[in-house]
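Student: Got a structure here, written out as structure tokens. Questions coming.
Throughout, read-outs are computed from the coordinates displayed, never taken from laboratory work. Because the structure is predicted, anything quoted here is derived from the model rather than measured. All Cβ positions, glycine included, derive from the backbone under ideal geometry; neighbour counts span all protein chains shown.
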Amino acid sequence: MEKNQKNLNGKNNIKKIKDNQKRKIDDNTLACPVSSKCGGCQLLEQPYLEQLEEKEKIVSKLLAPYGKLEQIKGMDFPYFYRNKVHAVFAQAKGGKIISGVYREGSHEVVQVDKCLIEDQQADAIIGTIKKLLPSFKIKPYNEDRGYGFLRHVLIRVGHNSKEIMVVLVTASSVFPSKNNFIKALRREHPQITTIVQNINNRNTSMVLGEQEKVLYGPGYIVDILCGKSFKISPKSFYQINSIQTEFLYHTAMEFADFQGNEKVLDAYCGIGTIGIVASDYVQEVVGVELNVDAVSDAKGNARKNQVKNIHFYQGDAGRFMVKMAEKRETVDVVLMDPPRAGSDEAFLKSTVRLNPKKIVYISCNPQTLARDLSFLTKHGYQMKRAMAFDMFPQCEAHVECVALLHRKKAEARGGKL
Ligand code: SAH
């Protein structure tokens, strides 16, 4: 666990948070002119330390039956953290082009020039695109009339690599003055490393369509997380807050306290991030994931990082575990990171049957974490540590948690399956 240990032990720096809170009050660049219309940052008016206290209280209450929650990990500077930024384009009544977000619960576009939680370079690129459109006679798409070209812009920024991907979501595939438009955009933002056109001609609330054309660069970006490289395509799942994700993964590794000889299961592994980070510290990792594209990305990421002791399988994690249990395979540590709905009984029952020494449960929904902990603690496991991470400062959105469970000694185990 010594590798990449750049003060990522998850401890809070309360003084830094307080100083930065003061900076927010003194600094009018940290005020949002559209917060009431946008509705994205419900907690913006609340001091950050109070936001953290409230989030910690919610999780702490849910996990209380199983053990104590350690101090929540907040951000030193809780702004401009979103590495994925989305803007919808439209034309206002007088013909002016606007870009921003849909007003909550409607399809009315609220103009957003700068956002306090989005990457600032991404916002600047969106501003440039808006400025360039009229001179290239590119019209934003009008949903009601089904007329126009540019629907959305999606930007993904590699927080550590600094690579930038711009995805132009268009209503049709023919892109007039494409080359000159791209040249003009790159001239103003030479940091852009790839530009992709995504064609979405359906009447849908989904931002991205099926068809993609790479207009510049490789069509994806690579970011570095916990010292490993990960390929991010327009549709890949990748945590939005890279700073907090590094803390989260390092804490998961610290909780697992690998000794080097373990066989580890990375369940719900997505593009393989957690398993690849763990692979340095253990003998073997097996990853399982339902999404076909994510599995293919995970395999590519393992190759990219020259990780030889990891294997990925596509399938339902529950069914995969049932099969492993039937074959009486052994696993020393289960790392699991299920979606918001949590895990299912097939998975949890088979986990208990496989009888790993430790389970490290990474959760994006404390409610389902508590439900699954209730099952695991009734079937031979005990929660040893738990910690929450604020992934979305200024927002009510969910809190991420890591919980460590140990297998109880044989005599203390109860509850048959
Ligand atoms: N560990 C990854 C992804 C976590 S998100 C990361 O941190 O990047 C949860 C993942 O679970 C998603 O990739 C989703 O596709 C996957 N998933 C959802 N239901 C599943 C199931 N029944 N079996 C396996 N994977 C599933």
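Student: With a 10 Å radius around each residue's Cβ, average the other Cβ atoms per peptide and rank 211-219, 401-409, 322-330, highest first.
Tutor: 401-409, 211-219, 322-330
Student: Next question. Putting +1 on Lys and Arg Cβ atoms and -1 on Asp and Glu Cβ atoms, find which of 80, 312, 106 reaches farthest to the positive end of the dipole of the chain.
Tutor: The residue sitting farthest along the positive end of the dipole is 312.
Student: Turning to a different aspect of this structure: Picking from 174, 42, 191, whose Cα lies most toward the positive end of the charge dipole for the chain (charges on Cβ: Lys, Arg +1; Asp, Glu -1)?
Tutor: Value computed over the given set: 174.
Student: Take the chain, connect every pair of alpha-carbon atoms lying under 10 Å apart with a spring to form a Gaussian network, then pick out the residue of 301, 83, 201 with the largest mean-square fluctuation.
Tutor: Maximum fluctuation in the GNM of the chain, among the listed residues, is at 201.
Student: Sticking with this one: Among all the lysines, which ones have a C-alpha under 16 Å from residue 213's C-alpha, if same-chain residues fewer than 8 places away are not counted?
Tutor: 178, 235
Student: Using only the Cα atoms of segment 37-170, what do you get for the radius of gyration and for Dmax, in Å?
Tutor: 18.8, 62
Student: Would you calculate, for the chain, the mean residue ellipticity at 222 nm contributed by helices, counting each DSSP H stretch of 4 or more residues as -39,500 (n - 2.57) and dividing by all residues, to the nearest 500?
Tutor: The helix-only estimate for the chain comes to -9000 deg cm²/dmol at 222 nm.
Student: Using only Cα atoms, figure out Rg for segment 272-321 and give it as a multiple of 2.2 N^0.38 Å.
Tutor: Taking N as the residue count of segment 272-321, the ratio is 1.06.
Student: Distance from the Cα centre of segment 146-183 to that of segment 50-123, in angstrom?
Tutor: Here the two parts' Cα centres lie 22 Å apart.
Student: Let a ≥ b ≥ c be the square roots of the eigenvalues of the Cα gyration tensor of segment 101-184; is it rounded (a/c under 1.5), or, if not, prolate (a/b larger than b/c) or oblate?
Tutor: Oblate, since a/c reaches 1.5 and b/c is not below a/b.
Student: Measure nothing but the geometry: give the 0 to 90° angle between the long axis through the Cα atoms of 242-256 and the longest principal axis through the Cα atoms of the chain, rounded to 10°.
Tutor: Between the helix axis and the principal axis of the chain, the angle is about 10 degrees.
Student: Still on this structure: If you line up the Cα atoms of the chain on their principal axes, what length do they span on each, largest first, in Å?
Tutor: Answer, in whole Å and largest first: 76, 46, 39 Å.
Student: So, one more: Relative to the longest principal Cα axis of the chain, at what angle does helix 14-26 sit, 0 to 90 degrees, rounded to 10?
Tutor: 20 degrees
Student: Hey, another quick one. Remind me, what semi-axes does segment 246-371 give for its equivalent ellipsoid, largest first in whole Å, using sqrt of 5 times each Cα gyration tensor eigenvalue?
Tutor: 19, 16, 16
Student: I've got another one for you. How big is the antiparallel share of DSSP beta bridges in segment 272-417, given as a percent to the nearest 5?
Tutor: Counting only bridges with both partners in segment 272-417, antiparallel ones make up about 60 percent.
Student: Another question, if that's okay. Hey, can you rank 310-316, 225-231 by average C-beta count inside 10 Å, highest first?
Tutor: Descending packing order for the listed peptides: 225-231, 310-316.
Student: Magnitude of the Cβ-charge dipole of the chain, K/R +1 and D/E -1, about the Cα centre, nearest 20 debye?
Tutor: That gives the chain a dipole magnitude of about 420 debye.
Student: Mind checking which of 17, 362, 126 has the largest fluctuation in a GNM of the chain, springs on alpha carbons under 10 Å?
Tutor: 17
Student: Related question: On C-alpha positions alone, give me the angle between the axis of helix 178-188 and the longest principal axis of the chain, in degrees, nearest 10.
Tutor: 80 degrees
Student: How large is log10 of I(q)/I(0) for segment 203-264 at q = 0.19, 0.24, 0.27 Å⁻¹ when the intensity is taken from the Debye formula with one equal scatterer per alpha-carbon?
Tutor: Result of the Debye calculation: -0.89, -1.10, -1.21.
Student: I've got another one for you. Run through the DSSP bridge list for the chain and note the antiparallel percent, rounded to the nearest 5.
Tutor: Here the antiparallel bridges make up roughly 60 percent for the chain.
Student: Another question, if that's okay. On a C-alpha basis, how far is the centre of segment 202-232 from the centre of segment 361-396 in Å? Whole number, if you could?
Tutor: The two parts, judged by their Cα centres, are 30 Å apart.
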